[in-house]
Amino acid sequence: MPNARTVRRSSRDLQQRWRESDNSVMNTLPSLPCYLNGEFTELPNAKVSVMDRGFIFGDGVYEVVPVYAGQPFRFEQHMARLDRSLSELRIANPLSKAQWAGIAGQLITAYAKSVGANTQDTDQLIYIQITRGVAMRDHVMTQGIAPTVFVMSNAMKPVPPAQRSSGVTCVTADDFRWEKAHIKSTSLLGAVFARQISFDAGAMETVMFRHGFLSEAAASNVWVVKDGKVLGVPKDHLVLEGIRFGLIEEICHARGIGFELRRISRDEVLNADELLLSSATKEVLAITTLDGKPVGTGKPGPVYAALYAGYQAAKAQAALGSAQ
């Protein structure tokens, strides 16, 4: 039987291994700039309580803001959606729009400096997360606690040119997630499962259907093109209203392309002339193979080309407006 001294020594050895393991994990994080609860720091130094409700329950919301040439893109729209999500969770927005813009601007500059680049030469992603805060575990929405606010910036990883020119492969699945998809919640296990389906199949995304009608993909909105018209799903509680909803509608109107939001059946998706994904990182992207079968001609179509060109023009216009 081990004596007390042996037990204490074994305990110290175990704690040392834990510390070494923790340091090893932390050292794998890049020293990228971030913001946490009023302080600017770097990722390896940013820590939150284990009793944070975001950690315990996924009780929080987030936003991902694309940054082109050092300028946030459609920042006002992202802030409006953040307000909508926070309102659903009964969390007061802890910062003003000016404060959010100031934090984002400082992180954009700090990220560019950290990689040795000029700010205007960088495309980035600003990630914003707000949780209800720290409290002892209780399912009830705890009141009177300070929200946890975390923001970071990282490199924007564009779609590879080969994928953009050829389009991407997707698979379909039933939408098994909850019915409050309009909240941009940090509770993303459903999306993780959905994305894993396509990953395991070697595909880009999982296009989901709820009761026979299109909902969305794991991390993207889905668009159907038929007879030159762009069709999207209604903006309701069954889908997240992507920021590109408004942008794609604007581009369609500007370029004389029909646009309609309505329920879209599975058969309409399977018989589409073109299928598209949209998200902050994908922008707009053609699906050319679905469940192993070609979509339309099997190549990115003319409506995709028009929307993508319009998207690039919107980015250029936003950067020009910010510079003036």
Index of the failed condition, Val225 passing every other in (1) loosely packed, with under 14 Cβ neighbours inside 10 Å; (2) within 25 Å of Pro158 (Cβ to Cβ)
(1)
Scan Phe199, Phe209 and give me the residue that is assigned by TED's automatic domain parsing to the domain that holds Glu268, free of Cβ contacts under 8 Å to residues at least 24 places away in the same chain and either aliphatic (A, V, I, L, M) or under 27 Å from Leu307 (Cβ atoms) (or both).
Phe199
Return a yes/no flag: does the range 105-114 have any residue that is over 22 Å from the mean Cα position of the chain (by Cα), part of a helix (DSSP H, G or I) and hydroxyl-bearing (Ser, Thr, Tyr).
yes
Long-range neighbours under 7 Å by Cβ, at least six apart or interchain, first residue more than 19 Å from Val168 (Cα to Cα) and not assigned by TED's automatic domain parsing to the domain that holds Tyr127 within the range 264-279, second crowded, with 16+ Cβ neighbours inside 10 Å and polar (S, T, N, Q)
none
Do you know which residues across the range 50-84 are in a loop (DSSP other than H, G, I, E, B) and among the hydrophobic types (A, V, I, L, M, F, W, C)?
Val50, Met51, Ala69, Phe73
Got at least one residue in the range 28-49 being in a helix (DSSP H, G or I), touching a residue at least 40 places away in the same chain (Cβ under 8 Å) and not hydrophobic (A, V, I, L, M, F, W, C)?
no
Residue in the range 144-188 that is surrounded by the fewest Cβ atoms within 10 Å (Cβ to Cβ), counting only those that are more than 30 Å from Val303 (Cα to Cα) and basic (Lys, Arg):
Lys180
Please tell me if Ala194 is in a helix (DSSP H, G or I) and more than 20 Å from the chain's Cα centre (by Cα).
no
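The values are calculated or read from the model by the stated rules, or taken from the named source; none is laboratory data. Predicted, not measured: the structure shown is a model, and the values here were computed from it. Every residue, glycine among them, receives a Cβ derived from its backbone with ideal geometry; neighbour counts consider all protein chains shown.
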